[in-house]
Amino acid sequence: MQIEMRLISKDKMESMSSMEKLRFVLDGVKSGNIVVLEGGLTSEEQMKLIELTMIEVSEDFPGIEMSGYPSKSGFLNLRKKTRLTVVGPANTMKTIKKGKDLISAIISST
Amino acid sequence: MKGVFSRLLMALLFKKKRVKIGIYGPPNAGKTTLANRIVHTFVDEEDDVGVSTEVPHETRRVVKREGVNIDLTKNLSQDNTASNPKTKRSKAKLALDVVDTPGLATKIDFRDFMAYGMDEEVAKRRAKEATEGVIEAIKWLDDIDGVLLLMDSTEDPYTQTNVIIIGNMEARGIPVIIAANKVDLPDSSPQRIKNAFPQHQVVPISALKGDNIEALYGEMAKAFR
Ligand SMILES: Nc1nc2c(ncn2[C@@H]2O[C@H](COP(=O)(O)OP(=O)(O)OP(=O)(O)O)[C@@H](O)[C@H]2O)c(=O)[nH]1
Ligand SMILES: [Mg+2]
């Protein structure tokens, strides 16, 4: 089995509303893809993504695996800058190590 | 009549603000064990908030216990820890509602429950309830004044769910205390939790045995008042 990876540019991310982004990510992951988001999702968006995921969990789709670098404070702490988020189907992707600057994940189709 | 009015006035003037404290964390961290301990100590020894077991997603509905008065000026003889003389008397009281929540997860697979000996139908029902529980726990974040984030010190703390719970609370300006639970176990490492979240208050405890639990109440009284 082949696994597709989708690397989404920051420009594309910024052209979408929060809900569009989450729908886009979840649809991609539900069809078996690993989705890597340049710029990433905020903590609030990630929490919302967990909520949406839980609504759609089924026997064939047990949920998601999510990893990423936490946001950094931007100008005057007013805007938090997110960095990178990786989301994949829980049955194929497993984060094995997550550090401050390194994330290791294993992708397997078995 | 006068009595009613003055009592009403008194009630308004001296109404103690109760804070709603949500106990959050991954499945199996010991949230219900801690909620039970708090209620046993300060409310009623016989009153259980919920059932705690080694099977994840045991709690699948949010449970709230209102009117818990944490009072560290009383002698907590139930606890293993000696009372801490440094706990400031003025900060030693806190009126709260305890909210025990279902463990947060990004995946729920009914097959995992079958490994605990449940048959398929039971496991599927439990998985469905568990997904609803996660959604309910997330919704409750909107209605909480402080978060007690519980982690199992024998496990890797630097998970995405832990990171985003903290991120969400920071964005809302809601105080978070991290409790590094299960320090009674030999392979526990509260230090690993401190390293993962250096900017946060981390209190090592054993919700089961009561180790250092008074220190946690003291921190709660400081952070959540
Ligand atoms: N050794 C040890 N075990 C603990 C401690 N706290 C909880 N446990 C055990 O961990 C298991 C899970 O405890 P629970 O209180 O059910 O955990 P929970 O976070 O409420 O779990 P869910 O409701 O499934 O999300 C149970 O077997 C508890 O006895 C502790 O401090 N030390
Ligand atoms: Mg529980």
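Could you tell me whether the stretch B:31-45 includes any residue that is outside any helix (DSSP H, G or I) and at pLDDT 95 or above?
Scanning the stretch B:31-45, I find no residue that is outside any helix (DSSP H, G or I) and at pLDDT 95 or above, so the answer is no.
Looking only at the stretch B:108-137, count how many residues are part of a helix (DSSP H, G or I), at the interface with chain A (Cβ under 9 Å from one of its Cβ atoms) and of a type in the set (Val, Ile, Thr).
3
Pick out the one residue from A:SER15, A:SER43, A:SER31 that is within 25 Å of B:ASN162 (Cα to Cα) and among the hydroxyl-bearing types (Ser, Thr, Tyr).
A:SER43
Within the stretch B:171-184, take every residue that is aliphatic (A, V, I, L, M) and out of contact with any His (no Cβ under 9 Å at 6 or more places or on another chain) and give me the one that is nearest to the other protein chains (Cβ to nearest Cβ).
The residue in question is B:ALA171.
Contact list please: Cβ distance under 9 Å, first residue in the stretch A:25-43 and over 20 Å from A:TYR69 (Cα atoms) and within 14 Å of chain B (Cβ to nearest Cβ), second residue among the aromatic types (Phe, Trp, Tyr) and surrounded by 18 or more Cβ atoms within 10 Å (Cβ to Cβ), pairs at least six apart or on different chains.
A:LYS30/A:PHE61
Taking the criterion of being assigned to a strand (DSSP E or B), crowded, with 17+ Cβ neighbours inside 10 Å and more than 12 Å from every other protein chain (Cβ to nearest Cβ), would at least one residue in the stretch A:81-98 satisfy it?
No, the stretch A:81-98 contains no residue that is assigned to a strand (DSSP E or B), crowded, with 17+ Cβ neighbours inside 10 Å and more than 12 Å from every other protein chain (Cβ to nearest Cβ).
For the stretch B:162-218, what are the residues that are touching a Ser or Thr at 6+ places or on another chain (Cβ under 7 Å), within 20 Å of B:ILE21 (Cα to Cα) and of a type in the set (S, T, N, Q)?
Across the stretch B:162-218, the qualifying residues are B:ASN168, B:ASN181, B:ASN212.
List every residue pair whose Cβ atoms sit under 6 Å apart, with the two residues 6 or more apart in sequence or on different chains, where the first one lies in the stretch B:48-61 and is closer than 10 Å to B:ASP100 by Cα and the second, anywhere, is β-branched (Val, Ile, Thr) and more than 7 Å from ligand 1 (Cβ to nearest atom).
B:VAL49/B:VAL39; B:VAL49/B:VAL63; B:GLY50/B:VAL63
For B:ILE166, indicate whether it is hydrophobic (A, V, I, L, M, F, W, C) and within 18 Å of A:SER67 (Cα to Cα).
yes
Does B:ASN168 satisfy the criteria of being buried (at least 19 other Cβ atoms within 10 Å of the Cβ), within 14 Å of chain A (Cβ to nearest Cβ) and either part of a loop (DSSP other than H, G, I, E, B) or free of Cβ contacts under 8 Å to residues at least 40 places away in the same chain (or both)?
When the stated conditions are applied, B:ASN168 passes them.
The values are calculated or read from the model by the stated rules, or taken from the named source; none is laboratory data. What you see is a predicted model, and the numbers here were worked out from it, not measured in a lab. Cβ coordinates were reconstructed from backbone atoms using ideal geometry, including for glycine residues, and neighbour counts include every protein chain displayed.
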